[in-house]
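The values are calculated or read from the model by the stated rules, or taken from the named source; none is laboratory data. Quick caveat: nothing in here was measured; it's all calculated off a predicted structure. Heads up, the Cβs are rebuilt from the backbone with ideal geometry, glycines too, and the neighbour counts pull from every protein chain shown. The accessibility values were calculated without ligands, DNA or RNA, using every heavy atom of the protein model including side chains. Shrake-Rupley method; radii C 1.70, N 1.55, O 1.52, S 1.80 Å.
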Amino acid sequence: MRVKRLQEILSDNRFELLLFALLLLLFDKIFVPDANIYTSYVWPINMIILGFAAAGIFKERVRYIVWLKNLLFILSVLIPLLFVVIVKIPFLVQLAFLVYTTYYTLIFIEVLYQIFRKSEATLSVILGSVSGFLLLIVIAQFTFLLIEYNAPQSFGGLSPGNIPYIYNQLSYFSMVTLATVGYGDIAPLSDAARLTTMFFTIAGQFYMVALVGIIISRFNNVK
């Protein structure tokens, strides 16, 4: 009974947990300036927390999707634990980026599905909407990282360094891209980088406009 009750609590607060995990991943480096500590301890813990939080979102009942989600979840937890080994093998590095991109894309789709199903603009819908936007940022940063890893110097303005260092810079670039701020300190140079940046810029704007319109319309329906 206690396990069932715990599952119910986690399910009821799934968007809160997901939002918390995403905020940790994207912003807690502010409080951990030491790059070695962040890479060795904080980032792996953040990715594991996000993996568990994302898994709690999924309500899909189609068997092959459940199997795929479970596989990606396991890999998303194992990757940060084995990162020291993975980083030495280029194929495994690319596979890790693909796993994260695919897993969080599936979670993003599931979040959208659950939001659109709601008939009222509840707090859960609002938190889910914010989580969806942050998920889009995470998807973008792993996509950009995959491009830069396969074709170095695809993004101008990046300071040279190891994967975690490039990851942090592209995390920032992903945020300003989806927010359409465009400071210009980092810029896409290759065709693949430019097209992908254009895609996420449009996706981010469409997401915000569509979600804001839906939420406002549902508030009006309540009245």
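Per-structure values
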| read-out | value |
| --- | --- |
| Residue 77 being at pLDDT 85 or above, surrounded by fewer than 12 Cβ atoms within 10 Å (Cβ to Cβ) and assigned to a helix (DSSP H, G or I) | no |
| Qualifying residue in region 16-26 (condition: closer than 18 Å to residue 141 by Cα and modelled with pLDDT under 85) | no |
| Tally of residues being open to solvent by 50 Å² or more (accessible area, probe 1.4 Å) and assigned to a loop (DSSP other than H, G, I, E, B) across region 142-158 | 3 |
| Qualifying positions in region 90-121 - touching a helix residue (DSSP H, G or I) at 6+ places or on another chain (Cβ under 9 Å), of a type outside the set (Lys, Arg) and open to solvent by 40 Å² or more (accessible area, probe 1.4 Å) | 90, 92, 94, 95, 98, 102, 105, 106, 116, 119, 120 |
| Selection within region 184-193 - touching a strand residue (DSSP E or B) at 6+ places or on another chain (Cβ under 7 Å) and open to solvent by less than 40 Å² (accessible area, probe 1.4 Å) | 186, 187, 188, 193 |
| Filter result for residue 85 (open to solvent by 30 Å² or more (accessible area, probe 1.4 Å) and free of Cβ contacts under 8 Å to residues at least 24 places away in the same chain) | yes |
| Condition met for residue 91 (within 23 Å of residue 111 (Cβ to Cβ) and either in a helix (DSSP H, G or I) or not polar (S, T, N, Q) (or both)) | no |
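For every residue, the table says whether it meets (1) among the aromatic types (Phe, Trp, Tyr); (2) crowded, with 19+ Cβ neighbours inside 10 Å; (3) part of a helix (DSSP H, G or I); (4) touching a residue at least 12 places away in the same chain (Cβ under 8 Å).
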residue: 168; (1), (2), (3), (4): no, no, yes, yes
residue: 173; (1), (2), (3), (4): yes, yes, yes, yes
residue: 176; (1), (2), (3), (4): no, no, yes, no
residue: 182; (1), (2), (3), (4): no, no, no, no
residue: 195; (1), (2), (3), (4): no, no, yes, no
residue: 201; (1), (2), (3), (4): no, no, yes, yes
residue: 206; (1), (2), (3), (4): yes, no, yes, no
